[in-house]
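Structure first, commentary second.
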Amino acid sequence: MSKALLLENIEKAQQEIQNKKPLVSSAKMRQRYHFMAEEGWINDPNGLIFFKGKYHFFYQYNPYDTYWGAMHWGHAVSNDLLHWDYLPMALAPSETYDNDEQGGCFSGSAIEWKGRLYLFYTGTTKTQEGFVQSQCLAWSDDGINFEKYEGNPIIHAPSWIEKDNFRDPKVWSNGNMFYMVCGGKKGNFAEALLYRSTNLTDWEFVNVMFESRGEYGYMFECPDFFHIGDLDVITFSPMGLGERTVIYNVGKLNYETGKFRQIHTGEIDWGFDYYAPQSFLDGQGRRIMVAWSNAWDWMPWWKDWGPTHREGWCGSFNIPREVKLMPDYSLQFMPISELASIQYDKKIQYDVETKDELILEAGDGISGEIKLVVDLERTTASKIELFLRDNGKRAAILKLDLINEEIYLDRNQADDWNGGVTRSFLLTEGKTELDIDILLDQSSIEVFSCQYQVNHSCNVFADDSQNRNLVRVSDGKVYFKSIFTCGLHKTMDLGEVSL
Ligand code: FRU
(Lines give C-alpha, C1' and ligand atoms only; values in the text may rest on other atoms or scores of the structure.)
Protein backbone atom coordinates (compact mmCIF):
# COMPACT_ATOMS: atom_id res chain seq x y z
CA MET A 1 0.00 0.00 0.00
CA SER A 2 1.30 3.39 -0.84
CA LYS A 3 -0.89 6.07 0.63
CA ALA A 4 1.86 8.59 -0.10
CA LEU A 5 1.91 7.71 -3.80
CA LEU A 6 -1.88 8.07 -4.04
CA LEU A 7 -1.69 11.56 -2.52
CA GLU A 8 1.29 12.50 -4.67
CA ASN A 9 -0.46 11.39 -7.86
CA ILE A 10 -3.62 13.27 -6.92
CA GLU A 11 -1.57 16.39 -6.21
CA LYS A 12 0.21 16.04 -9.57
CA ALA A 13 -3.08 15.62 -11.40
CA GLN A 14 -4.56 18.70 -9.68
CA GLN A 15 -1.57 20.74 -10.78
CA GLU A 16 -2.10 19.56 -14.36
CA ILE A 17 -5.73 20.70 -14.21
CA GLN A 18 -4.67 24.17 -13.05
CA ASN A 19 -2.10 24.37 -15.86
CA LYS A 20 -4.66 23.48 -18.53
CA LYS A 21 -7.51 25.68 -17.34
CA PRO A 22 -6.39 28.82 -19.21
CA LEU A 23 -6.50 26.90 -22.52
CA VAL A 24 -9.96 25.50 -21.81
CA SER A 25 -11.29 28.85 -20.61
CA SER A 26 -11.23 30.17 -24.20
CA ALA A 27 -12.88 27.05 -25.68
CA LYS A 28 -15.80 27.56 -28.08
CA MET A 29 -17.34 24.13 -28.05
CA ARG A 30 -17.83 23.61 -24.30
CA GLN A 31 -21.30 22.51 -23.28
CA ARG A 32 -23.38 25.05 -21.39
CA TYR A 33 -25.44 22.88 -19.04
CA HIS A 34 -24.21 19.33 -19.62
CA PHE A 35 -21.61 18.03 -17.19
CA MET A 36 -17.94 18.07 -18.32
CA ALA A 37 -14.58 17.73 -16.61
CA GLU A 38 -12.52 20.89 -16.14
CA GLU A 39 -10.14 19.82 -18.91
CA GLY A 40 -8.64 16.66 -20.38
CA TRP A 41 -10.44 13.42 -21.18
CA ILE A 42 -13.58 12.11 -19.50
CA ASN A 43 -15.51 8.89 -20.11
CA ASP A 44 -17.94 6.88 -17.98
CA PRO A 45 -19.88 8.27 -15.03
CA ASN A 46 -18.78 6.40 -11.90
CA GLY A 47 -19.90 6.20 -8.27
CA LEU A 48 -23.02 8.33 -8.75
CA ILE A 49 -24.57 8.92 -5.35
CA PHE A 50 -26.63 11.31 -3.26
CA PHE A 51 -24.44 11.50 -0.13
CA LYS A 52 -24.95 13.76 2.89
CA GLY A 53 -27.35 16.06 1.05
CA LYS A 54 -25.37 16.50 -2.18
CA TYR A 55 -25.15 14.85 -5.57
CA HIS A 56 -21.72 13.36 -6.22
CA PHE A 57 -20.47 12.57 -9.72
CA PHE A 58 -17.22 10.63 -10.11
CA TYR A 59 -15.91 9.97 -13.59
CA GLN A 60 -13.30 8.15 -15.63
CA TYR A 61 -10.71 10.83 -16.09
CA ASN A 62 -7.34 11.39 -17.75
CA PRO A 63 -6.29 14.93 -16.78
CA TYR A 64 -3.03 14.67 -18.75
CA ASP A 65 -4.40 14.36 -22.26
CA THR A 66 -7.52 14.82 -24.36
CA TYR A 67 -7.42 11.10 -25.19
CA TRP A 68 -7.96 8.07 -22.99
CA GLY A 69 -5.01 7.23 -20.72
CA ALA A 70 -4.23 6.01 -17.18
CA MET A 71 -7.59 6.26 -15.46
CA HIS A 72 -8.22 8.47 -12.45
CA TRP A 73 -11.58 9.15 -10.81
CA GLY A 74 -12.54 12.81 -11.13
CA HIS A 75 -15.06 14.16 -8.61
CA ALA A 76 -17.66 16.95 -8.51
CA VAL A 77 -20.65 17.84 -6.29
CA SER A 78 -23.93 19.60 -6.93
CA ASN A 79 -27.22 20.58 -5.31
CA ASP A 80 -29.29 20.36 -8.50
CA LEU A 81 -27.43 18.15 -11.02
CA LEU A 82 -26.87 21.23 -13.19
CA HIS A 83 -24.46 23.52 -11.29
CA TRP A 84 -21.27 21.71 -10.27
CA ASP A 85 -18.30 22.32 -7.97
CA TYR A 86 -15.19 20.36 -8.79
CA LEU A 87 -13.44 18.58 -5.93
CA PRO A 88 -9.95 17.09 -5.85
CA MET A 89 -9.52 13.84 -7.73
CA ALA A 90 -10.92 10.94 -5.67
CA LEU A 91 -8.71 8.14 -7.02
CA ALA A 92 -5.43 8.02 -8.91
CA PRO A 93 -3.37 5.00 -9.98
CA SER A 94 -0.94 4.16 -7.15
CA GLU A 95 -0.89 0.42 -6.40
CA THR A 96 0.44 -2.72 -8.07
CA TYR A 97 -3.13 -3.65 -9.03
CA ASP A 98 -4.09 -0.26 -10.56
CA ASN A 99 -0.90 1.64 -11.42
CA ASP A 100 -0.41 1.37 -15.16
CA GLU A 101 -0.14 3.81 -18.06
CA GLN A 102 -2.62 1.68 -20.02
CA GLY A 103 -4.74 0.78 -17.02
CA GLY A 104 -5.64 2.57 -13.80
CA CYS A 105 -8.80 2.87 -11.73
CA PHE A 106 -11.55 1.74 -14.11
CA SER A 107 -15.30 2.21 -13.76
CA GLY A 108 -17.36 1.33 -10.72
CA SER A 109 -19.97 2.50 -8.25
CA ALA A 110 -20.55 3.94 -4.77
CA ILE A 111 -22.59 3.02 -1.73
CA GLU A 112 -23.06 4.59 1.70
CA TRP A 113 -22.90 2.39 4.78
CA LYS A 114 -22.99 3.69 8.37
CA GLY A 115 -22.15 7.20 7.22
CA ARG A 116 -19.08 6.16 5.24
CA LEU A 117 -18.79 6.45 1.46
CA TYR A 118 -17.46 3.31 -0.26
CA LEU A 119 -16.20 3.28 -3.84
CA PHE A 120 -15.88 0.05 -5.83
CA TYR A 121 -13.74 0.13 -8.94
CA THR A 122 -11.77 -2.12 -11.27
CA GLY A 123 -8.00 -2.03 -10.88
CA THR A 124 -6.34 -2.65 -14.25
CA THR A 125 -2.65 -3.38 -14.82
CA LYS A 126 -0.52 -5.12 -17.40
CA THR A 127 1.33 -8.19 -16.16
CA GLN A 128 3.30 -10.94 -17.89
CA GLU A 129 -0.03 -12.65 -18.56
CA GLY A 130 -1.41 -9.52 -20.24
CA PHE A 131 -3.95 -7.13 -18.74
CA VAL A 132 -5.46 -8.18 -15.44
CA GLN A 133 -8.64 -6.68 -14.00
CA SER A 134 -9.77 -7.12 -10.40
CA GLN A 135 -12.35 -5.44 -8.18
CA CYS A 136 -11.09 -2.98 -5.58
CA LEU A 137 -12.42 -0.83 -2.76
CA ALA A 138 -11.72 2.66 -1.40
CA TRP A 139 -13.57 4.73 1.19
CA SER A 140 -14.01 8.15 2.70
CA ASP A 141 -15.70 9.60 5.76
CA ASP A 142 -15.80 13.20 4.56
CA GLY A 143 -16.75 12.36 0.95
CA ILE A 144 -13.63 14.17 -0.33
CA ASN A 145 -10.50 12.29 0.72
CA PHE A 146 -10.38 8.60 -0.12
CA GLU A 147 -8.13 5.76 0.96
CA LYS A 148 -7.73 2.45 -0.76
CA TYR A 149 -8.47 -0.72 1.22
CA GLU A 150 -5.32 -2.54 2.23
CA GLY A 151 -6.90 -5.91 1.42
CA ASN A 152 -7.34 -4.97 -2.28
CA PRO A 153 -8.09 -6.51 -4.70
CA ILE A 154 -11.24 -7.83 -3.08
CA ILE A 155 -12.33 -9.98 -6.06
CA HIS A 156 -10.28 -11.71 -8.75
CA ALA A 157 -11.77 -13.00 -12.01
CA PRO A 158 -13.31 -16.47 -11.67
CA SER A 159 -11.44 -19.21 -13.57
CA TRP A 160 -13.73 -19.22 -16.63
CA ILE A 161 -13.70 -15.44 -17.16
CA GLU A 162 -10.95 -13.75 -19.22
CA LYS A 163 -8.70 -11.85 -16.82
CA ASP A 164 -8.70 -8.73 -19.01
CA ASN A 165 -12.49 -8.65 -19.30
CA PHE A 166 -13.79 -8.62 -15.74
CA ARG A 167 -14.87 -5.15 -14.73
CA ASP A 168 -17.23 -2.34 -13.69
CA PRO A 169 -18.68 -3.39 -10.30
CA LYS A 170 -22.11 -2.01 -9.40
CA VAL A 171 -22.99 -2.46 -5.72
CA TRP A 172 -26.39 -2.22 -4.00
CA SER A 173 -28.03 -3.50 -0.82
CA ASN A 174 -31.04 -5.73 -0.35
CA GLY A 175 -32.18 -6.63 3.15
CA ASN A 176 -29.07 -7.27 5.26
CA MET A 177 -26.92 -8.16 2.33
CA PHE A 178 -24.82 -6.25 -0.19
CA TYR A 179 -24.74 -7.36 -3.81
CA MET A 180 -22.40 -6.64 -6.69
CA VAL A 181 -22.71 -7.27 -10.40
CA CYS A 182 -19.63 -7.24 -12.68
CA GLY A 183 -19.32 -7.64 -16.43
CA GLY A 184 -17.31 -10.58 -17.71
CA LYS A 185 -16.36 -12.29 -20.96
CA LYS A 186 -16.21 -16.03 -21.54
CA GLY A 187 -15.19 -16.69 -25.15
CA ASN A 188 -17.94 -15.15 -27.27
CA PHE A 189 -20.39 -15.04 -24.38
CA ALA A 190 -20.99 -12.15 -22.01
CA GLU A 191 -21.80 -12.79 -18.36
CA ALA A 192 -23.13 -10.57 -15.58
CA LEU A 193 -21.60 -12.09 -12.44
CA LEU A 194 -23.39 -11.72 -9.11
CA TYR A 195 -21.55 -11.54 -5.75
CA ARG A 196 -22.75 -10.95 -2.20
CA SER A 197 -21.24 -9.69 1.04
CA THR A 198 -22.26 -8.77 4.58
CA ASN A 199 -19.42 -6.29 5.22
CA LEU A 200 -18.38 -4.87 1.80
CA THR A 201 -14.86 -6.31 2.07
CA ASP A 202 -15.45 -10.09 1.85
CA TRP A 203 -17.36 -11.22 -1.21
CA GLU A 204 -18.82 -14.54 -2.26
CA PHE A 205 -19.77 -15.51 -5.82
CA VAL A 206 -23.49 -16.28 -6.15
CA ASN A 207 -24.19 -17.06 -9.80
CA VAL A 208 -24.16 -15.86 -13.40
CA MET A 209 -27.08 -13.52 -13.06
CA PHE A 210 -27.61 -12.81 -16.75
CA GLU A 211 -25.80 -13.96 -19.87
CA SER A 212 -25.51 -13.34 -23.58
CA ARG A 213 -24.85 -16.18 -25.97
CA GLY A 214 -24.37 -13.61 -28.69
CA GLU A 215 -27.80 -12.00 -28.68
CA TYR A 216 -26.51 -9.25 -26.35
CA GLY A 217 -22.91 -9.14 -27.60
CA TYR A 218 -19.77 -10.74 -26.18
CA MET A 219 -19.07 -8.47 -23.20
CA PHE A 220 -21.22 -6.42 -20.81
CA GLU A 221 -19.55 -3.13 -19.97
CA CYS A 222 -20.83 -1.12 -17.01
CA PRO A 223 -23.72 -3.34 -15.89
CA ASP A 224 -26.20 -1.48 -13.68
CA PHE A 225 -28.89 -2.98 -11.48
CA PHE A 226 -31.85 -1.41 -9.69
CA HIS A 227 -35.24 -2.05 -8.25
CA ILE A 228 -38.27 -0.27 -9.74
CA GLY A 229 -41.94 -0.75 -8.83
CA ASP A 230 -42.17 -4.45 -7.93
CA LEU A 231 -39.54 -5.36 -10.47
CA ASP A 232 -35.79 -5.26 -11.08
CA VAL A 233 -33.80 -3.89 -13.97
CA ILE A 234 -30.39 -4.81 -15.33
CA THR A 235 -28.82 -2.51 -17.91
CA PHE A 236 -25.50 -2.84 -19.71
CA SER A 237 -23.45 -1.55 -22.61
CA PRO A 238 -22.81 -4.56 -24.82
CA MET A 239 -19.65 -4.90 -26.91
CA GLY A 240 -20.08 -6.40 -30.36
CA LEU A 241 -23.73 -5.54 -31.02
CA GLY A 242 -23.29 -3.05 -33.86
CA GLU A 243 -25.58 -0.06 -33.47
CA ARG A 244 -27.09 -1.24 -30.18
CA THR A 245 -25.06 0.15 -27.31
CA VAL A 246 -27.32 0.55 -24.27
CA ILE A 247 -29.82 -2.15 -23.37
CA TYR A 248 -32.20 -2.56 -20.46
CA ASN A 249 -33.95 -5.67 -19.23
CA VAL A 250 -36.89 -5.51 -16.86
CA GLY A 251 -37.56 -8.67 -14.84
CA LYS A 252 -36.94 -10.13 -11.42
CA LEU A 253 -33.78 -11.18 -9.61
CA ASN A 254 -34.15 -14.28 -7.47
CA TYR A 255 -31.77 -13.47 -4.62
CA GLU A 256 -31.67 -17.15 -3.53
CA THR A 257 -30.51 -18.56 -6.84
CA GLY A 258 -28.86 -15.41 -8.13
CA LYS A 259 -30.70 -15.69 -11.46
CA PHE A 260 -32.38 -12.78 -13.24
CA ARG A 261 -35.51 -13.62 -15.25
CA GLN A 262 -36.35 -11.13 -17.97
CA ILE A 263 -39.86 -10.09 -18.96
CA HIS A 264 -39.15 -7.07 -21.16
CA THR A 265 -36.14 -5.72 -23.02
CA GLY A 266 -35.53 -2.38 -24.70
CA GLU A 267 -33.08 0.27 -25.79
CA ILE A 268 -32.20 3.17 -23.49
CA ASP A 269 -31.02 5.31 -26.40
CA TRP A 270 -30.54 4.78 -30.13
CA GLY A 271 -28.15 7.69 -30.63
CA PHE A 272 -24.46 7.62 -31.51
CA ASP A 273 -23.42 9.23 -28.26
CA TYR A 274 -24.92 7.57 -25.23
CA TYR A 275 -22.83 4.93 -23.45
CA ALA A 276 -22.08 3.31 -20.09
CA PRO A 277 -25.09 4.71 -18.20
CA GLN A 278 -25.20 4.31 -14.43
CA SER A 279 -28.13 5.01 -12.12
CA PHE A 280 -28.67 5.94 -8.49
CA LEU A 281 -31.53 6.73 -6.14
CA ASP A 282 -31.58 10.35 -5.05
CA GLY A 283 -32.86 12.09 -1.90
CA GLN A 284 -36.35 12.42 -3.42
CA GLY A 285 -36.68 8.72 -4.29
CA ARG A 286 -36.02 9.30 -7.97
CA ARG A 287 -34.03 6.80 -10.04
CA ILE A 288 -31.61 9.02 -11.96
CA MET A 289 -29.54 7.74 -14.89
CA VAL A 290 -26.45 9.39 -16.36
CA ALA A 291 -24.33 8.33 -19.35
CA TRP A 292 -21.19 9.31 -21.22
CA SER A 293 -21.98 11.28 -24.36
CA ASN A 294 -19.47 9.74 -26.72
CA ALA A 295 -18.49 6.54 -28.49
CA TRP A 296 -15.61 4.04 -28.66
CA ASP A 297 -13.45 3.27 -31.66
CA TRP A 298 -15.02 -0.20 -32.05
CA MET A 299 -18.44 1.29 -32.77
CA PRO A 300 -19.53 1.25 -36.44
CA TRP A 301 -19.91 5.04 -36.83
CA TRP A 302 -16.80 6.04 -34.90
CA LYS A 303 -14.44 8.56 -36.54
CA ASP A 304 -12.61 10.10 -33.63
CA TRP A 305 -13.85 11.60 -30.41
CA GLY A 306 -14.48 15.01 -31.87
CA PRO A 307 -12.65 18.25 -32.55
CA THR A 308 -12.69 19.51 -28.95
CA HIS A 309 -9.20 18.14 -28.23
CA ARG A 310 -7.89 21.32 -29.89
CA GLU A 311 -9.50 23.19 -27.02
CA GLY A 312 -7.92 21.00 -24.34
CA TRP A 313 -10.90 18.87 -23.38
CA CYS A 314 -12.92 15.89 -24.57
CA GLY A 315 -16.21 14.40 -23.46
CA SER A 316 -19.36 15.27 -21.55
CA PHE A 317 -22.30 13.51 -19.91
CA ASN A 318 -25.80 13.30 -21.33
CA ILE A 319 -28.49 15.10 -19.39
CA PRO A 320 -29.42 13.13 -16.24
CA ARG A 321 -32.72 11.32 -16.76
CA GLU A 322 -35.34 10.10 -14.37
CA VAL A 323 -36.27 6.47 -15.03
CA LYS A 324 -39.88 5.35 -14.70
CA LEU A 325 -41.62 2.02 -15.24
CA MET A 326 -44.58 1.95 -17.65
CA PRO A 327 -47.56 -0.43 -17.28
CA ASP A 328 -46.29 -2.54 -20.21
CA TYR A 329 -42.91 -2.99 -18.40
CA SER A 330 -41.06 -0.64 -20.71
CA LEU A 331 -39.01 2.22 -19.25
CA GLN A 332 -39.28 5.96 -19.71
CA PHE A 333 -36.19 8.18 -19.51
CA MET A 334 -37.18 11.78 -18.79
CA PRO A 335 -34.75 14.70 -18.48
CA ILE A 336 -34.61 15.82 -14.83
CA SER A 337 -37.26 18.34 -13.79
CA GLU A 338 -34.51 20.69 -12.51
CA LEU A 339 -34.08 21.82 -16.12
CA ALA A 340 -37.15 24.02 -15.63
CA SER A 341 -35.05 26.19 -13.30
CA ILE A 342 -32.73 27.25 -16.15
CA GLN A 343 -35.37 27.88 -18.79
CA TYR A 344 -35.82 31.42 -20.08
CA ASP A 345 -37.86 33.08 -22.81
CA LYS A 346 -40.55 30.45 -22.56
CA LYS A 347 -43.14 30.42 -25.32
CA ILE A 348 -46.10 28.14 -25.76
CA GLN A 349 -48.49 28.03 -28.70
CA TYR A 350 -51.52 25.80 -29.11
CA ASP A 351 -53.19 24.46 -32.29
CA VAL A 352 -50.58 25.43 -34.83
CA GLU A 353 -50.96 24.35 -38.43
CA THR A 354 -48.28 24.37 -41.11
CA LYS A 355 -47.80 23.09 -44.63
CA ASP A 356 -44.35 24.50 -45.30
CA GLU A 357 -41.99 26.14 -42.83
CA LEU A 358 -42.23 27.08 -39.18
CA ILE A 359 -39.47 28.80 -37.23
CA LEU A 360 -38.94 27.60 -33.66
CA GLU A 361 -37.36 30.23 -31.45
CA ALA A 362 -35.57 28.44 -28.63
CA GLY A 363 -33.47 30.98 -26.73
CA ASP A 364 -30.41 31.82 -28.81
CA GLY A 365 -31.01 28.72 -30.94
CA ILE A 366 -27.88 27.04 -29.57
CA SER A 367 -28.85 26.14 -26.03
CA GLY A 368 -32.54 25.51 -25.60
CA GLU A 369 -35.49 23.17 -25.54
CA ILE A 370 -38.22 22.42 -28.10
CA LYS A 371 -41.28 20.37 -27.19
CA LEU A 372 -43.83 19.42 -29.80
CA VAL A 373 -47.08 17.49 -29.66
CA VAL A 374 -48.21 16.41 -33.13
CA ASP A 375 -51.92 15.76 -33.69
CA LEU A 376 -51.75 12.53 -35.70
CA GLU A 377 -55.47 12.48 -36.46
CA ARG A 378 -55.50 15.84 -38.24
CA THR A 379 -52.02 15.67 -39.80
CA THR A 380 -52.00 14.70 -43.49
CA ALA A 381 -48.27 14.98 -44.29
CA SER A 382 -46.35 11.72 -44.54
CA LYS A 383 -43.29 13.11 -42.81
CA ILE A 384 -42.09 16.02 -40.68
CA GLU A 385 -38.55 17.31 -40.87
CA LEU A 386 -36.91 19.42 -38.20
CA PHE A 387 -33.78 21.30 -39.19
CA LEU A 388 -31.77 21.76 -36.00
CA ARG A 389 -28.75 24.04 -35.53
CA ASP A 390 -29.33 25.28 -39.08
CA ASN A 391 -27.53 28.12 -40.86
CA GLY A 392 -28.88 27.57 -44.37
CA LYS A 393 -25.94 25.36 -45.30
CA ARG A 394 -25.55 23.03 -42.39
CA ALA A 395 -28.08 21.39 -40.09
CA ALA A 396 -28.85 18.22 -38.22
CA ILE A 397 -32.09 16.83 -39.59
CA LEU A 398 -34.63 15.06 -37.44
CA LYS A 399 -37.03 13.17 -39.65
CA LEU A 400 -40.33 11.75 -38.42
CA ASP A 401 -41.65 9.26 -40.96
CA LEU A 402 -45.32 9.00 -40.04
CA ILE A 403 -46.14 6.33 -42.62
CA ASN A 404 -43.41 3.84 -41.72
CA GLU A 405 -43.43 4.91 -38.07
CA GLU A 406 -39.73 5.62 -37.94
CA ILE A 407 -37.51 8.36 -36.56
CA TYR A 408 -34.12 9.38 -37.98
CA LEU A 409 -31.49 11.80 -36.74
CA ASP A 410 -29.22 12.69 -39.66
CA ARG A 411 -25.97 14.46 -38.86
CA ASN A 412 -24.32 14.05 -42.26
CA GLN A 413 -24.61 17.79 -42.90
CA ALA A 414 -24.57 18.88 -39.29
CA ASP A 415 -20.98 19.99 -38.79
CA ASP A 416 -17.45 19.63 -40.15
CA TRP A 417 -16.88 16.52 -38.15
CA ASN A 418 -19.58 13.95 -37.63
CA GLY A 419 -21.60 11.84 -39.98
CA GLY A 420 -24.17 9.08 -39.90
CA VAL A 421 -27.88 8.68 -39.42
CA THR A 422 -29.41 7.12 -36.33
CA ARG A 423 -32.70 5.33 -36.84
CA SER A 424 -35.37 3.57 -34.82
CA PHE A 425 -39.09 2.85 -34.72
CA LEU A 426 -41.71 5.28 -33.42
CA LEU A 427 -44.45 4.03 -31.10
CA THR A 428 -47.28 5.73 -32.96
CA GLU A 429 -49.48 2.79 -33.93
CA GLY A 430 -52.98 3.31 -32.53
CA LYS A 431 -51.96 6.66 -31.01
CA THR A 432 -53.61 10.04 -31.60
CA GLU A 433 -50.54 12.14 -30.84
CA LEU A 434 -46.77 12.06 -31.05
CA ASP A 435 -44.65 13.88 -28.46
CA ILE A 436 -41.10 15.09 -29.16
CA ASP A 437 -38.77 16.82 -26.69
CA ILE A 438 -35.43 18.16 -27.94
CA LEU A 439 -32.55 19.44 -25.82
CA LEU A 440 -30.01 21.54 -27.67
CA ASP A 441 -26.64 22.42 -26.20
CA GLN A 442 -23.46 23.82 -27.69
CA SER A 443 -22.19 20.41 -28.91
CA SER A 444 -25.09 17.99 -28.55
CA ILE A 445 -28.66 17.25 -29.54
CA GLU A 446 -30.83 14.92 -27.45
CA VAL A 447 -34.17 13.84 -28.85
CA PHE A 448 -36.82 12.17 -26.69
CA SER A 449 -39.99 10.79 -28.26
CA CYS A 450 -43.01 8.61 -27.58
CA GLN A 451 -43.35 9.40 -23.89
CA TYR A 452 -39.57 9.37 -23.46
CA GLN A 453 -39.28 5.72 -24.48
CA VAL A 454 -37.59 6.25 -27.87
CA ASN A 455 -34.53 8.44 -27.56
CA HIS A 456 -31.64 9.56 -29.77
CA SER A 457 -28.60 11.39 -28.37
CA CYS A 458 -25.86 12.67 -30.65
CA ASN A 459 -22.93 15.03 -30.46
CA VAL A 460 -23.00 17.78 -33.07
CA PHE A 461 -20.09 20.20 -33.22
CA ALA A 462 -21.98 22.99 -34.91
CA ASP A 463 -20.60 26.52 -34.95
CA ASP A 464 -22.44 29.53 -33.54
CA SER A 465 -23.78 30.64 -36.94
CA GLN A 466 -25.93 27.49 -36.77
CA ASN A 467 -28.54 28.98 -34.52
CA ARG A 468 -31.85 28.46 -36.31
CA ASN A 469 -34.30 25.66 -35.64
CA LEU A 470 -37.27 25.03 -37.89
CA VAL A 471 -39.93 22.59 -39.03
CA ARG A 472 -40.32 21.76 -42.73
CA VAL A 473 -43.28 20.02 -44.28
CA SER A 474 -43.62 19.32 -47.99
CA ASP A 475 -46.46 16.96 -48.76
CA GLY A 476 -49.47 17.92 -46.70
CA LYS A 477 -50.36 19.61 -43.45
CA VAL A 478 -49.07 19.13 -39.94
CA TYR A 479 -51.11 20.09 -36.89
CA PHE A 480 -49.36 20.66 -33.62
CA LYS A 481 -51.50 20.46 -30.51
CA SER A 482 -48.78 22.48 -28.81
CA ILE A 483 -45.32 23.91 -29.39
CA PHE A 484 -43.17 24.89 -26.44
CA THR A 485 -39.78 26.55 -26.82
CA CYS A 486 -37.32 28.16 -24.45
CA GLY A 487 -33.66 28.96 -23.97
CA LEU A 488 -31.53 27.16 -21.39
CA HIS A 489 -29.03 29.09 -19.29
CA LYS A 490 -25.40 28.17 -18.83
CA THR A 491 -24.63 26.33 -15.61
CA MET A 492 -21.19 24.84 -16.19
CA ASP A 493 -18.36 26.91 -14.85
CA LEU A 494 -14.64 26.15 -14.80
CA GLY A 495 -14.15 27.70 -11.38
CA GLU A 496 -11.11 29.83 -10.81
CA VAL A 497 -8.77 30.32 -13.74
CA SER A 498 -5.49 32.06 -13.05
CA LEU A 499 -4.09 33.26 -16.35
C1 FRU B 1 -16.68 1.68 -20.73
C2 FRU B 1 -15.31 1.26 -20.25
C3 FRU B 1 -15.42 0.38 -19.03
C4 FRU B 1 -14.09 0.58 -18.36
C5 FRU B 1 -13.80 2.02 -18.66
C6 FRU B 1 -12.33 2.34 -18.82
O7 FRU B 1 -16.71 2.86 -21.44
O8 FRU B 1 -14.63 0.59 -21.29
O9 FRU B 1 -15.75 -0.96 -19.28
O10 FRU B 1 -14.12 0.31 -16.99
O11 FRU B 1 -14.51 2.35 -19.84
O12 FRU B 1 -12.11 3.71 -18.88
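In table form, for the structure just shown:
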| item | result |
| --- | --- |
| Residues of the range 288-303 that turn out to be more than 22 Å from residue 119 (Cβ to Cβ), in contact (Cβ under 8 Å) with a residue 60 or more places away in the chain and either among the hydrophobic types (A, V, I, L, M, F, W, C) or more than 16 Å from the ligand (Cβ to nearest atom) (or both), as a count | 2 |
| Contacts under 8 angstrom Cβ, first residue in the range 399-410 being within 11 Å of residue 425 (Cβ to Cβ), partner among the small types (Gly, Ala, Ser) and surrounded by fewer than 16 Cβ atoms within 10 Å (Cβ to Cβ), 6 or more apart | 401/382 |
| Residue that is surrounded by the fewest Cβ atoms within 10 Å (Cβ to Cβ), among those in the range 94-116 that are more than 12 Å from the ligand (Cβ to nearest atom) and within 17 Å of residue 223 (Cα to Cα) | 111 |
| Criterion: surrounded by 24 or more Cβ atoms within 10 Å (Cβ to Cβ) and more than 15 Å from residue 35 (Cβ to Cβ) - qualifying residue of 312, 271, 258 | 271 |
| From the options 285, 242, residue that is closer than 30 Å to residue 338 by Cα, away from the ligand (no atom under 16 Å from the Cβ) and assigned to a loop (DSSP other than H, G, I, E, B) | 285 |
| Residue 366 vs. criteria out of contact with any Gly (no Cβ under 6 Å at 6 or more places or on another chain), part of a loop (DSSP other than H, G, I, E, B) and at pLDDT 95 or above | yes |
| Single residue of the range 127-153 satisfying the filter (surrounded by fewer than 20 Cβ atoms within 10 Å (Cβ to Cβ) and among the β-branched types (Val, Ile, Thr)) that is nearest to the ligand (Cβ to nearest atom) | 127 |
| Of the criteria (1) outside any strand (DSSP E or B); (2) out of contact with any Lys or Arg (no Cβ under 7 Å at 6 or more places or on another chain); (3) surrounded by 22 or more Cβ atoms within 10 Å (Cβ to Cβ), which one residue 41 fails | (1) |
| Flag for residue 90 being more than 17 Å from the chain's Cα centre (by Cα) and not polar (S, T, N, Q) | yes |
| Selected residue [more than 16 Å from the ligand (Cβ to nearest atom) and either surrounded by fewer than 20 Cβ atoms within 10 Å (Cβ to Cβ) or closer than 29 Å to residue 11 by Cα (or both)] from 124, 201 | 201 |
| Residue, farthest from the ligand (Cβ to nearest atom), within the range 218-237, restricted to residues that are surrounded by 21 or more Cβ atoms within 10 Å (Cβ to Cβ) and of a type in the set (Val, Ile, Thr) | 233 |
| Only listed residue being part of a loop (DSSP other than H, G, I, E, B), among the small types (Gly, Ala, Ser) and closer than 27 Å to residue 385 by Cα, chosen from 295, 340 | 295 |
| Strands (runs of 3 or more DSSP E) contained in the range 79-158 and holding at least 1 residues touching a helix residue (DSSP H, G or I) at 6+ places or on another chain (Cβ under 8 Å) and at pLDDT 95 or above | 84-91 |
| Selection count, the range 44-85, where residues are crowded, with 24+ Cβ neighbours inside 10 Å and among the charged types (D, E, K, R) | 1 |
| Qualifying residue in the range 264-276 (condition: within 16 Å of the ligand (Cβ to nearest atom) and either in a strand (DSSP E or B) or more than 28 Å from residue 487 (Cα to Cα) (or both)) | yes |
| Residue selected from the range 3-28 under the condition out of contact with any Asp or Glu (no Cβ under 9 Å at 6 or more places or on another chain), of a type in the set (A, V, I, L, M, F, W, C) and surrounded by fewer than 16 Cβ atoms within 10 Å (Cβ to Cβ), by the criterion farthest from residue 312 (Cα to Cα) | 4 |
| Residue list for the range 431-481, filter: of a type in the set (Val, Ile, Thr), crowded, with 17+ Cβ neighbours inside 10 Å and part of a loop (DSSP other than H, G, I, E, B) | 460, 473 |
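The values are calculated or read from the model by the stated rules, or taken from the named source; none is laboratory data. These numbers come from a predicted model, not from an experiment. When we count neighbours, we look across all protein chains shown, and the Cβ atoms used for this are built from the backbone with ideal geometry, even at glycine.
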